[in-house]
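Q: Following this message is one structure expressed as structure tokens.
The values are calculated or read from the model by the stated rules, or taken from the named source; none is laboratory data. Quick caveat, the model's predicted, so the values are computed rather than measured. Positions of Cβ are backbone-derived with ideal geometry, glycine not excepted, and every protein chain shown enters the neighbour counts.
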Amino acid sequence: MTLLNAVHVLWGFSAVGLIIMVLLHSPKGDGLGGLGGQAQLFTSTKSAELTLNRVAWTLTILFMGLTVVLSAGWLETPPVPPA
């Protein structure tokens with residue numbers, strides 16, 4: 001697996017993870033509490049929301065950074081001119 005393929009896979013995982021994190025956020029501020037008591041993994045609902053926000057922002061920064069790197073073509077090898 002080349003570096004370019006690995007970055008593509010990481011970019012895809014960050015995109016899917018970001019979608020999941022956004023869907024986990026409740027519009028009413030319930031957070032993970034709306035999923036049947038999943039918020040008990042955290043000490044409080046506020047802690048769950050804070051964790052979701054941090055993970056979502058981290059995935060957003062990763063996704064946007066990899067998008068810039070991939071669209072700029074910085075990881076692609078330049079074509080070899082004919083001899």
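Q: Could you give every pair whose Cβ atoms fall below 7 Å, whose first residue belongs to segment 1-20 and is over 16 Å from residue 72 (Cβ atoms), and whose second residue is of a type in the set (Gly, Ala, Ser), counting only separations of at least 6 or pairs across chains?
A: Qualifying pairs under 7 Å: 18/56.
Q: Within segment 1-15, how many residues are hydrophobic (A, V, I, L, M, F, W, C) and farther than 16 Å from residue 61 by Cβ? Steps first, answer last, please.
A: First pass over segment 1-15, keeping only residues hydrophobic (A, V, I, L, M, F, W, C): 1, 3-4, 6-7, 9-11, 13, 15.
When the remaining residues are screened for being farther than 16 Å from residue 61 by Cβ, the result is 1, 3-4, 6, 9.
The total comes to 5.
Q: Could you tell me how many of the residues in segment 1-41 are modelled with pLDDT of 80 or more and part of a helix (DSSP H, G or I)?
A: 22
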